[in-house]
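Quick notes on the structure that follows.
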Amino acid sequence: MDKYRGTVLKFKEYVVGREFFCFDTETTGLSASENDIIQFSAIRYMETDGKYVETGRFDTYINPGYPIPAEITDITGISDETVKDAPNASEAARRIKGFLGERPIVIGYNSESFDENFVNFLYRKTIGEDFTPEFHLDVIKMARDKFPKPHKLVDMAGRAGIAEGVKFHSSLEDADATFKVMLYLLPMYDKPE
């Protein structure tokens with residue numbers, strides 16, 4: 001039984017004629033309250049006549065103000081050198097909000113329990129506001145509905161046939177892969193259970 005079906009069908013209706021954003025973060029660790037975003041990316045789409053058309057991209061590194069842990073550099077390729085001239089958290093938060101606007105419709109991968117928390121902490125500590133999406137579609141929940149484990153983005157991208165050439169753990173490439181995996185999974189909800 002599809003636990004996420006109601007949300008997916010609501011999303012399809014919700015975005016008709018509207019903009020939405022597929023977003024992803026890379027961070028210095030797993031705790032939103034103790035670690036920081038070092039890369040944020042979002043791709044803006046517009047729904048028009050049943051098609052989702054890309055209308056813009058935003059990608060920034062963020063200088064956390066302290067050395068990036070070696071294990072994070074190993075995973076993401078993001079080093080102290082990468083972020084040395086990047087905006088600080090306050091400037092990045094202003095730019096991110098400028099791209100996303102107020103209460104955006106967002107899509108991510110494991111993003112309700114991870115990325116959204118990081119963006120929320122970033123907003124709170126820099127601009128004193130909460131990050132409150134109007135609607136949030138988490139594609140990992142679609143993957144859990146439709147496939148057995150593993151559900152990592154790289155695994156689902158492989159199932160969708162879009163993994164080749166993707167540099168996973170780059171937030172821009174992960175956001176793009178998330179959107180493509182969502183497109184792969186979406187038609188599976190067209191048939192009644």
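The values are calculated or read from the model by the stated rules, or taken from the named source; none is laboratory data. Since the structure is predicted, the reported quantities are computational estimates derived from the model, not experimental observations. Quick reminder, even Gly has a Cβ in these numbers, built from the backbone with ideal geometry, and neighbours come from all protein chains shown. Each accessible area value is taken on the protein alone, full model and side chains, heavy atoms only, with ligands, DNA and RNA left out. Shrake-Rupley method; radii C 1.70, N 1.55, O 1.52, S 1.80 Å.
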Solvent-accessible area of I162 with every protein chain in place, 1.4 Å probe, in Å² to the nearest 10: 40
Most to least accessible of L183, L153 (protein chains only, probe 1.4 Å): L183, L153
Surface accessible to a 1.4 Å probe, E71 within the full protein complex, Å²: 120
Under the Karplus curve 6.51 cos²θ - 1.76 cosθ + 1.60, θ = phi - 60°, whole-Hz ³J(HN,Hα) for region 104-116, x wherever Gly or Pro sits: x, 8, 10, 10, x, 10, 6, 8, 5, 9, 10, 4, 4
Placed amide H near I78: partners under 5 Å, 5+ positions off or other chain: none
Between region 113-176 and region 1-34, the Cα center-to-center distance that results, in Å: 7
Nonlocal amide H pairs with R57, under 5 Å, H built at 1.01 Å: R44
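Only helical DSSP H runs with n ≥ 4 go in: add -39500 (n - 2.57) per run for the chain, normalise by residue count and round the 222 nm mean residue ellipticity to 500 deg cm²/dmol.
Values: 8 runs with 77 residues, N = 193.
Taken over the chain, the calculation gives -11500 deg cm²/dmol.
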Residues K167 and R57, FRET efficiency given R0 of 25 Å [Cβ-Cβ distance, rounded to 0.05]: 0.95
Dipole of the chain [Lys/Arg +1, Asp/Glu -1 at C-beta], most positive-end residue of L185, I37, P67: L185
Rounded percent of accessible protein surface that carbon and sulfur make up, region 61-121, 1.4 Å probe: 48
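Kindly report the accessible area of the chain per residue (heavy atoms of protein chains, probe 1.4 Å, no ligands, DNA or RNA), in Å². All intermediate terms of the calculation are to be shown ahead of the outcome.
On the way: 9510 Å² over 193 residues.
The answer is 49 Å² per residue.
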Derived scalar couplings ³J(HN,Hα) [region 59-64; Karplus, 6.51 cos²θ - 1.76 cosθ + 1.60; whole Hz; x for Gly, Pro]: 8, 9, 7, 10, 7, x
